[in-house]
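The values are calculated or read from the model by the stated rules, or taken from the named source; none is laboratory data. Predicted model, so just to flag it, every value in this text is computed and none were measured. With ideal geometry, Cβ positions are generated from the backbone for all residues, glycine too; neighbour counts draw on all protein chains shown. Just so you know, the surface numbers come from the protein's heavy atoms only, side chains and all, with ligands and any DNA or RNA stripped out. Shrake-Rupley method; radii C 1.70, N 1.55, O 1.52, S 1.80 Å.
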Amino acid sequence: MNFLYKAKWIIMVLSAIVWVMTFGVLFVGGTAFVNRTFLVLNLILLLAQIANVVRSFLIGKKDIGIILSICLAITISLLWATYIWGWNYTVKALTIGFE
């Protein structure tokens with residue numbers, strides 16, 4: 001858990017990069033396997049971000065916790081927009097892909 005917290009800003013940058021790649025692959029077209037892989041990566045990074053927010057508040061770094069909470073809210077909003085708003089499109093991308 002301590003290593004995860006030390007890498008908090010790297011996780012934030014990776015989340016942004018993976019989201020951009022997810023958006024591109026999902027809406028430009030890709031195989032179902034690639035889309036599912038990016039979904040799993042997004043969920044893992046989301047869990048890591050949640051763990052970092054909790055850890056920052058537990059160790060008393062409330063200023064970092066607030067910043068991480070804002071970044072977490074932005075990440076959740078982007079994932080919501082990507083996967084939920086285009087739900088019919090997302091289901092097709094994750095099940096059969098665009099081969």
Task: Lysine pairs in the chain with Cα atoms under 30 Å, if 8 or more residues apart or on separate chains - done: 4
- [ ] Mind checking which of Ile66, Ala16, Tyr89 is farthest towards the positive end of the chain's charge dipole, using Cβ charges of +1 (Lys, Arg) and -1 (Asp, Glu) about the Cα centre?
- [x] Ile66
Task: Under 5 Å, built H, 5+ apart or other chain: amide partners of Gly97 - done: Ala32
Task: HN-Hα J in Hz across region 70-81 - Karplus 6.51, -1.76, 1.60, θ = phi - 60°, x for Gly and Pro - done: 5, 4, 5, 4, 5, 4, 4, 4, 5, 5, 4, 5
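Ignoring ligands, DNA and RNA, how do Trp85, Trp80 rank by accessible area with a 1.4 Å probe, largest first?
Trp85, Trp80
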TODO: Using θ = phi - 60° and the Karplus relation 6.51 cos²θ - 1.76 cosθ + 1.60, list the HN-Hα couplings for region 58-64 in order, rounded to whole Hz, with x at every Gly or Pro.
DONE: 5, 8, x, 9, 5, 5, 5
Open item on the list: Give me the one-decimal nm value for the distance between modelled label points at Leu4 and Tyr89, 7 Å along each residue's Cα-to-Cβ direction.
Closed with: 3.2 nm
Task: Accessible area of the chain belonging to carbon and sulfur atoms, whole % at 1.4 Å probe - done: 78 percent
Open item on the list: If I ignore ligands, DNA and RNA and count only protein heavy atoms, how much of Lys6 is accessible to a 1.4 Å probe, in Å² to the nearest 10?
Closed with: 150 Å²
Task: Charge sum, other residues only, whose C-beta stays under 14 Å from Ser56's C-beta, Lys/Arg counted +1 and Asp/Glu -1 - done: +4
- [ ] Please calculate how many Å² of accessible area the chain carries per residue, with a 1.4 Å probe and no DNA, RNA or ligand atoms counted.
- [x] 62 Å²
Open item on the list: Roughly how far apart, in whole Å, are the Cα centres of region 1-26 and region 36-53?
Closed with: 8 Å
TODO: Working from Cα positions, state the angle (0 to 90°, nearest 10) between the long axis of helix 8-28 and the longest principal axis of the chain.
DONE: 10 degrees
